[in-house]
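Input: a single structure, listed below in structure tokens.
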Amino acid sequence: MSAEQAAAPRRHGGLLGHDALVRLTRAGVVLLLFAIWQVYGAFFADKDFVSPPSAVAVALFTHIFSDGAVMRAVGLTLVEVALAFTASMIVGVGLGVLIGWNTGARRMALPVVLLLYAIPQVVMLPLVILAFGIGPVAKIFFGFSHGVFPVIINVVAGMRNVNPLLLAGARSMGASRLEIARHVMFPHMVPSLFAGLRLAMTVTLIGVILAELYVSMAGIGYYTQVFAQTFDPAPLFALIAVLAAIAIVLNELVRLAERRVTRWRRVGM
Amino acid sequence: MGATSGFAARSVQIAFVAIVIGVWWGVTKTHAVMPLFLPPVGLVARTIDQLFSTGEAWAAVRLTLLTIVEAYALAVVAGLLAGYFVTRSRFLTEVFEPLIANLFTIPIILFFPLFVLFFGIGPGSKIAYGALYGFFPVALNTIAGFSRVERRFLWAARSMGASPFGLFRHVLVPSALPVIVTGLRISFLICLASVLGGEELSAAAGIGKNIELAAELMDPARMYSWIVFVVLTTTVLNLVLSQIEGRVRER
């Protein structure tokens with residue numbers, strides 16, 4: 001964002017503020033897309049391949065919410081994502097702090113982390129399933145192995161960005177290492193940490209769902225196969241919609257947590 | 001980040017790779033790990049040689065590469081166009097930028113079963129999936145690139161009588177390009193991973209299919225050969241792309 005953009009005066013358009021107008025238009029665009037999909041799906045599309053949103057909404061109740069086995073598969077996926085994300089966060093912050101604590105450790109470890117992060121992990125998916133089996137462990141591991149890298153990298157970056165003056169100040173006033181970590185390092189790491197956590201949630205979801213889809217004998221992967229083989233795609237659309245909704249909620253939760261933790265920043269300014 | 005490039009970082013990375021290969025050699029030599037999960041280094045090296053010298057691998061490599069290129073081409077064209085048109089007004093940017101950024105956080109892999117339904121198990125479904133995933137970084141970085149062009153440069157150029165094309169060529173593109181090339185690089189890596197992932201999930205041929213097949217047939221030497229091949233190729237590609245990106249950003 002350029003300085004000019006930030007300095008631009010707030011425009012007030014009649015009854016609606018500028019921000020409200022932007023939000024309304026955005027909602028309108030989304031609604032329009034759904035309307036196009038509805039019209040296309042109901043009147044023009046081949047019913048064997050595309051279902052309109054109205055049919056998907058019906059399938060949501062007839063095939064997904066009412067089917068205990070499908071709901072259990074969805075629930076298990078949610079648990080896998082939660083565990084994988086928690087593990088990414090704990091291990092990522094732990095390793096990030098270890099690596100970021102001193103320059104020597106960072107010089108040794110960060111290039112290795114970046115080297116590993118650049119590997120397209122998806123090529124190892126069959127190996128992960130072979131090693132951990134078709135159960136939840138493989139899926140949690142694959143989610144974790146995706147999520148942990150952005151956390152490490154952002155924690156290390158965040159620790160580097162702490163103003164050395166503040167550190168020196170705290171030290172000269174006799175703060176212990178723990179106090180420095182709690183009161184100086186942590187508050188200043190938060191924005192970067194949450195940038196990492198947001199990315200971690202996105203890629204953890206990718207990892208878990210990739211592994212779920214790869215295993216076609218059980219779970220989500222099984223139901224996508226089953227639903228794709230009938231000549232009514234509405235349940236498949238509905239299952240995907242449920243999972244996409246879960247993904248959106250999880251991403252929002254991370255942002256909500258971020259807003260809570262960073263409140264002091266906005267209040268202070 | 002200073003510690004991530006340069007001679008010292010490269011040495012650390014090379015040392016790390018050497019250690020990994022050393023440990024791999026050690027644990028397979030002493031039979032500490034079952035060969036099903038980790039076949040000996042020598043065997044994997046011989047298998048790679050065999051795959052490529054008999055010509056068996058090239059068909060898969062050619063197919064996957066072609067799929068990636070097609071997906072990437074679609075992603076780039078769509079992403080650049082969308083990014084350009086969205087930034088034609090500040091209002092449109094404010095409406096669409098958060099929308100595109102939020103969509104990008106949804107795991108697009110969820111829609112892959114639909115693409116298989118629409119386009120079949122041939123390259124079509126992988127192209128669609130890779131192109132959709134690769135679209136986002138290009139579009140978002142194009143938006144970021146074009147919206148950071150300073151207004152006064154535009155006013156100055158316009159007041160000096162620049163034509164719309166002249167404006168585009170000499171003001172908009174040069175200031176947006178450094179940000180856009182980052183999007184282009186990320187998009188390529190995402191296309192590559194998406195196509196490989198799609199091939200593992202559902203395909204008739206290609207590198208991803210070969211990895212999946214080797215795992216299913218319990219042929220770890222072959223599976224590791226493909227994994228090592230992909231990891232090496234993408235690491236080299238990533239280095240080359242980062243170099244190009246660095247050059248463009250420096251100008």
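The mean number of Cβ atoms from other chains found within 10 Å of a Cβ in peptide B:194-207 is 3, as a whole number. Of all alpha-carbon pairs in chain B, indicate the percentage at a distance above 23 angstrom. Summing the P(r) of chain B above 23 Å gives 62 percent of all pairs.
The mean count of C-beta atoms from other chains within 10 Å of the C-beta of residues in A:219-227, rounded to a whole number, is 2. Ranked for footprinting exposure by Cβ neighbours inside 10 Å, fewest first, B:F146, B:F7 give B:F7, B:F146. Relative to one another, the C-alpha centroids of region A:213-262 and region B:38-107 are positioned 22 Å apart.
What does the charge count around B:A203 come to, taking other residues whose C-beta lies under 10 Å from its C-beta (Lys +1, Arg +1, Asp -1, Glu -1)? My count for the surroundings of B:A203 gives -1. Both the radius of gyration and Dmax for region B:113-251 are 20.5, 69 Å, in that order, over alpha-carbon atoms. Under the combined filter of DSSP loop state and at most 15 neighbouring Cβ atoms within 10 Å, region A:217-266 retains these chymotrypsin sites (Phe, Trp or Tyr not before Pro): A:F231. Identify which of B:L154, B:L237, B:L213 has the largest mean-square fluctuation in a Gaussian network model of chain B, with springs joining Cα atoms closer than 10 Å. So, out of B:L154, B:L237, B:L213, the one fluctuating most is B:L154. For region B:150-251, the dipole from Cβ point charges (+1 on Lys and Arg, -1 on Asp and Glu) about the Cα centre works out to 860 debye, to the nearest 20. Give me the net charge for the shell around B:R46: Cβ to Cβ below 15 angstrom, other residues only, Lys and Arg +1, Asp and Glu -1. Around B:R46, the charge tally is -2.
If you take the Cα centroid of region A:47-78 and the Cα centroid of region B:177-214, the two points sit 29 Å apart. A Cβ-based charge dipole, computed about the Cα centre of region A:80-231 with Lys and Arg at +1 and Asp and Glu at -1, lands at about 540 debye. Over all other residues within a Cβ to Cβ distance under 13 Å of B:P123, the charged ones net out to +1, with Lys and Arg as +1 and Asp and Glu as -1. Averaged over the residues of peptide A:199-205, the number of Cβ atoms from other protein chains lying within 10 Å of each residue's Cβ is 2. Helices meeting the span-like rule in chain B (full DSSP H runs, Cα extent of at least 30 Å along the helix axis, mean Kyte-Doolittle score of 1.0 or higher): B:6-29, B:56-86, B:173-201. I want to verify a result. In a Gaussian network model of chain A, Cα cutoff 10 Å, which of these has the top mean-square fluctuation: A:A27, A:A59, A:A84? Among A:A27, A:A59, A:A84, the largest GNM mean-square fluctuation belongs to A:A27. Listed by chain and number, the aspartates and glutamates placed with their C-alpha closer than 12 angstrom to that of A:K47 are A:D232; residues fewer than eight positions away on the same chain are left out.
Straight-line reach from B:K126: which lysines have a Cα under 17 Å away, not including same-chain ones fewer than 8 places off? List returned: B:K209. Look at B:T30, B:T105, A:T224, A:T62 and count the other Cβ atoms within 10 Å of each Cβ; fewest to most, that gives B:T30, A:T62, B:T105, A:T224. About the centre of its Cα atoms, region B:37-176 shows a dipole size close to 540 debye [charges on the beta carbon of Lys, Arg (+1) and Asp, Glu (-1) only; nearest 20 debye].
No lab work stands behind these numbers, since they all come straight from the coordinates. Since the model is a prediction, treat every value here as computed from it, not as a measurement. Ideal geometry is used to build each Cβ from the backbone, glycine not excepted, and the neighbour counts take in all protein chains shown.
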